[in-house]
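The structure appears below as structure tokens.
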Amino acid sequence: MGADIVTVSTDTHYVHLAWQRHEKELADVRYTMGADPTGSLSRLFGVYDDFSGLALRGTFIINPAGVLMNSEVNFYNMGRNINELMRKFKANLYLAKKVDEGCPSTWQEEGDKTLRPSPEMVGRVHEALHE
Amino acid sequence: MSESGTGQLMLGHEVPDFEMDTYDPVAKNFSKFSLAEQKQAGRWTILFFYPADFTFV
């Protein structure tokens with residue numbers, strides 16, 4: 001789909017290597033593992049925790065022009081839904097082509113109903129979604 | 001990463017270019033990630049921050 005997923009923690013790339021080599025849970029990891037040992041990238045994205053020196057569970061989608069298109073941050077104790085991340089990524093790809101449309105929360109893939117904001121739609125979103 | 005920006009990022013605004021060291025588990029090799037290179041290559045980027053290597057998703 002033309003995206004690169006980079007996982008980032010405040011570990012070094014040496015630690016990533018060691019963990020990936022030895023931890024069975026990480027054996028299937030195929031994504032590039034990024035190292036942010038100074039926390040500067042985590043700070044830039046607002047996910048650095050000064051008290052722990054760790055990065056919160058932040059997910060950010062950046063388009064090919066370098067523009068931030070999506071942002072989600074979970075606390076330590078809340079896992080992320082990868083299906084929802086993929087839904088948002090696919091919606092971003094779609095909306096990059098269809099700039100005058102909007103993807104409602106139920107949108108899953110190309111072909112699903114979208115919204116086209118207009119004066120006529122004001123007060124009639126329900127009809128636009130369900131007609 | 002190289003320090004090329006400060007302040008809060010906003011949706012719809014450009015992310016300042018950055019670089020970081022990476023480990024590629026497929027090639028089993030160290031490399032670098034660069035946002036500037038992603039832009040040159042016309043690639044989307046998904047950054048997936050996590051607290052530590054034992055707390056993945």
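The values are calculated or read from the model by the stated rules, or taken from the named source; none is laboratory data. Please read these numbers as outputs of a predicted model, since none were measured by experiment. Heads up, the Cβs are rebuilt from the backbone with ideal geometry, glycines too, and the neighbour counts pull from every protein chain shown. Side chains are part of the model used for accessible areas, which takes the heavy atoms of the whole protein and leaves out ligands, DNA and RNA. Shrake-Rupley method; radii C 1.70, N 1.55, O 1.52, S 1.80 Å.
Observations on the model:
- Residues (facing chain A (nearest Cβ under 7 Å), modelled with pLDDT of 95 or more and assigned to a loop (DSSP other than H, G, I, E, B)) located in segment B:17-29: B:PHE18
One line per residue, one yes/no per condition, for (1) farther than 21 Å from B:LEU9 by Cβ; (2) of a type outside the set (A, V, I, L, M, F, W, C); (3) surrounded by fewer than 17 Cβ atoms within 10 Å (Cβ to Cβ):
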| position | (1), (2), (3) |
| --- | --- |
| A:LYS24 | yes, yes, yes |
| A:ASP28 | yes, yes, yes |
| A:LEU41 | no, no, no |
| A:VAL47 | no, no, no |
| A:GLY53 | no, yes, yes |
| A:PRO64 | no, yes, yes |
| A:ASN70 | no, yes, yes |
| A:ASN74 | no, yes, no |
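- Among the residues making up segment A:89-115, those that are without any contact (Cβ under 8 Å) to a residue 24 or more places away in the chain, closer than 20 Å to A:GLU131 by Cβ and open to solvent by less than 60 Å² (accessible area, probe 1.4 Å) are A:GLU101, A:GLY102, A:CYS103, A:TRP107, A:ASP112, A:THR114, A:LEU115.
- Which numbered condition B:LYS32 misses (of (1) more than 22 Å from A:ALA18 (Cβ to Cβ); (2) surrounded by fewer than 18 Cβ atoms within 10 Å (Cβ to Cβ); (3) at pLDDT 95 or above): (1)
- Cβ separations smaller than 7 Å between residues 6+ apart or across chains give the following pairs from segment A:116-127 residues that are closer than 20 Å to A:LEU95 by Cα to residues that are acidic (Asp, Glu): A:ARG116/A:ASP100; A:ARG116/A:GLU101.
- Qualifying residue in segment A:114-129 (condition: basic (Lys, Arg) and either closer than 21 Å to B:ASP17 by Cα or modelled with pLDDT of 90 or more (or both)): no
- Selected residue [out of contact with any Asp or Glu (no Cβ under 7 Å at 6 or more places or on another chain), at pLDDT below 95, open to solvent by 20 Å² or more (accessible area, probe 1.4 Å) and within 21 Å of B:LYS39 (Cα to Cα)] from A:MET86, A:MET78: A:MET86
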